[in-house]
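Inspection log for the structure reproduced underneath, given as structure tokens.
The values are calculated or read from the model by the stated rules, or taken from the named source; none is laboratory data. Computed from a prediction, not measured in an experiment: that's the story for all the values here. Backbone-built Cβ (ideal geometry, glycine too); neighbour counts: all protein chains shown. Side chains are part of the model used for accessible areas, which takes the heavy atoms of the whole protein and leaves out ligands, DNA and RNA. Shrake-Rupley method; radii C 1.70, N 1.55, O 1.52, S 1.80 Å.
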Amino acid sequence: MDGVSLAEYVFKRLRTMQDQIGEQMTGGAIKNMEEYRFLMGELTALRALEDDIKEVLQRATGDVLDD
């Protein structure tokens, strides 16, 4: 697996995980505020990880990555 394929896989997986959390939150599956805060923490961490990976790839390649 080359670097581009790996990056595509990681971004796809991060977005899938973010979408799943979003569906949980909007689908009424949250039982209490503790669960809501937990899911928000996970979502925040996934978004931060995605941003960090984009930043590293941009530095390495010099290309600007679009969403």
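General remarks:
- Meets criteria (at pLDDT below 90 and among the polar types (S, T, N, Q)) for Gln58: yes
- Enumeration of residues in region 4-15 that are without any contact (Cβ under 8 Å) to a residue 40 or more places away in the chain, closer than 15 Å to Asp51 by Cα and open to solvent by less than 70 Å² (accessible area, probe 1.4 Å): Leu14
- For region 38-49, the condition holds for no residue, the condition being that it is of a type in the set (Val, Ile, Thr), surrounded by 13 or more Cβ atoms within 10 Å (Cβ to Cβ) and in a helix (DSSP H, G or I).
- Within region 19-37, tally of residues that are loosely packed, with under 10 Cβ neighbours inside 10 Å and in a helix (DSSP H, G or I): 3
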